[in-house]
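Taking it in order: structure first as structure tokens, then the write-up.
The values are calculated or read from the model by the stated rules, or taken from the named source; none is laboratory data. Since the structure is predicted, the reported quantities are computational estimates derived from the model, not experimental observations. Cβ placement follows ideal geometry from the backbone for every residue including glycine, while neighbour counts extend to all protein chains displayed. Please note that ligands, DNA and RNA were not included when accessible areas were found on the heavy atoms of the full protein model with its side chains. Shrake-Rupley method; radii C 1.70, N 1.55, O 1.52, S 1.80 Å.
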Amino acid sequence: SFIGEESVAAGEGSILTDTPTWIIDPIDGTTNFVHRFPFVAVSIGFVVNKKVEFGIVYSCIEDKMYTARKGKGAFCNGQKLQVSGQEDITKSLLVTELGSNRDPEAIKIILSNMERLLSIPIHG
């Protein structure tokens, strides 16, 4: 099966099943692309039994290829990536995304989550 982000965003229905499925977003960061903000990628995932097996993200402007495979780790241009090991959230950089859903109930939930995060003395 195949799920394309652009077709889903256009209103086409999509149901993830147990069938092996490619999930592709050819312009991940469409809003960034439209506004010429240089963080745009091509994102591809492969799912079997509703579980991600591997993913690839190509950051076009940076010319960086991120790859990850279930149980095998994550890489950037072939170099293994690791999490920092930082356990204290007050010493961490936090990044969030508001999303595109402007439904009043969704906005209420997003803002509530943001309020909880911003009450923590964090970086970002």
Q | Percent accessible area from carbon and sulfur atoms, the chain, protein chains only, probe 1.4 Å | A | 60 percent
(Q) Give me the net charge for the shell around K64: Cβ to Cβ below 15 angstrom, other residues only, Lys and Arg +1, Asp and Glu -1. (A) -2
(Q) Relative contact order of the chain, please, whole-number percent, based on alpha carbon pairs below 8 angstrom and at least 6 residues apart. (A) 14 percent
Q. Quick one: which of 45-53, 104-112 comes out on top by average Cβ neighbours within 10 Å, and what's the full order, highest first?
A. 45-53, 104-112
Q) Among 14-21, 115-122, 57-64, 77-84, how do they line up from the highest to the lowest mean number of other beta-carbon atoms within 10 Å? A) 57-64, 14-21, 115-122, 77-84
